[in-house]
Amino acid sequence: MNKPPLKWAGNKYRVLPHIIPHIGYPKRYCEPFGGSLAVALNTPAEQYILNDVNRDLVTIYQNLVNPNDDSFIKYCKELFCTENNTREAYKELVRHFNQATDATERARLFVYLNRHCFNGLSRYNSKGEFNVPYGREFKDKQTGEKYIQSAYFPEEEMMNFRMYFLSKQLIRFTSLSFEDSSLYEDLEAGDVVYMDPPYVPASDTANFTSYATDGFTHDQQVELAQLAESLASKGIKVIVSNHDTPVTRELYKNAKIYPIQVTRTIAAKGDSRKKANELIAVY
């Protein structure tokens, strides 16, 4: 399986065996909540419509698949050096990212932040500023001493991403709201849409939805379910991932539900990670 280049909350890489069989071999594949694009990277389609509301994330992907310029990977790698792997250097580069206006520079810095921040989280405050703390400092369980661990630079994964999508017939990256009708206007019967929205909270303490500036509301969850049914009525296959809760069971009551268990990889403490109940709804 092709591994995505970025760490991402809700990354579907580990549950691909549960998702890919539902997709098949569509002519067009659309993903409104792209995230790490783990599913798209392992879906054999002719054409791709890949979207995420996070503009910085989309800019990374656009640079990686630029057929006329392969320098972006090397440009990112320059930031992965010993002097940049300290709490002080990280804070300075966070400030630089939040002040930067050049899209490619922000994308380059975002790759650095993704691999140096706490658990690879992507979180912005109400001002649109990245605000995840440094995550490369650890404590030895036996001695209690703190140490710095170097960050992995995903050069091979970035190159594989580039080569995979450059080999495809057509790929379109956008940064739009999932409600934007232009995402779906080219789809026809037999095409596939995979929706992996910010999840309905599994509990009152698990509400992580602000990986872009705005959160994701219950009304939007309802609108997403209505959109899925509308697309399905046109012969387009729609697959949705979410927590398995009474709320989502009601939202997707007209779909076929496949319950799965997933081990969490984004959590406050490593020893608190446990399996979570999720579902795959297929229209």
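The sole residue among SER182, SER177, SER230, SER241 that is farther than 25 Å from HIS116 by Cβ, within 20 Å of the chain's Cα centre (by Cα), among the hydroxyl-bearing types (Ser, Thr, Tyr) and not in a loop (DSSP other than H, G, I, E, B) is SER241. Just to be sure before I move on: is ALA89 modelled with pLDDT of 95 or more and within 18 Å of GLN169 (Cα to Cα) in the structure I sent? No. State whether the residues of the range 167-181 include one that is modelled with pLDDT under 95, surrounded by fewer than 17 Cβ atoms within 10 Å (Cβ to Cβ) and hydrophobic (A, V, I, L, M, F, W, C). Looking for residues that are modelled with pLDDT under 95, surrounded by fewer than 17 Cβ atoms within 10 Å (Cβ to Cβ) and hydrophobic (A, V, I, L, M, F, W, C), one finds at least one in the range 167-181, hence yes.
If you go through the range 151-166 one residue at a time, do you hit one that is farther than 28 Å from TYR48 by Cα and not in a loop (DSSP other than H, G, I, E, B)? No, the range 151-166 has no match at all. Selection over the range 78-110 of residues that are free of Cβ contacts under 8 Å to residues at least 60 places away in the same chain and closer than 16 Å to GLY135 by Cβ gives a count of 13.
Quick grid of which residues meet (1) more than 20 Å from ALA151 (Cα to Cα); (2) at pLDDT 95 or above; (3) under 20 Å from the mean Cα position of the chain (by Cα):
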{"site": "LEU57", "(1), (2), (3)": "no, yes, yes"}
{"site": "GLN62", "(1), (2), (3)": "yes, yes, yes"}
{"site": "LYS74", "(1), (2), (3)": "no, yes, no"}
{"site": "LEU93", "(1), (2), (3)": "no, yes, no"}
{"site": "ALA100", "(1), (2), (3)": "yes, yes, no"}
{"site": "CYS117", "(1), (2), (3)": "no, yes, yes"}
{"site": "GLY120", "(1), (2), (3)": "no, no, yes"}
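Among the residues of the range 43-53, is any within 14 Å of PHE173 (Cα to Cα), among the small types (Gly, Ala, Ser) and touching a strand residue (DSSP E or B) at 6+ places or on another chain (Cβ under 6 Å)? No: the range 43-53 contains no residue that is within 14 Å of PHE173 (Cα to Cα), among the small types (Gly, Ala, Ser) and touching a strand residue (DSSP E or B) at 6+ places or on another chain (Cβ under 6 Å).
Taking the range 120-137 as the range and being among the acidic types (Asp, Glu) and either within 13 Å of LEU57 (Cα to Cα) or in a loop (DSSP other than H, G, I, E, B) (or both) as the test, only GLU129 passes.
The values are calculated or read from the model by the stated rules, or taken from the named source; none is laboratory data. If you're wondering where the values come from, they're calculated on a predicted model, not measured in any experiment. Glycine also receives a Cβ, built like all others from the backbone with ideal geometry; neighbour counts cover every protein chain displayed.
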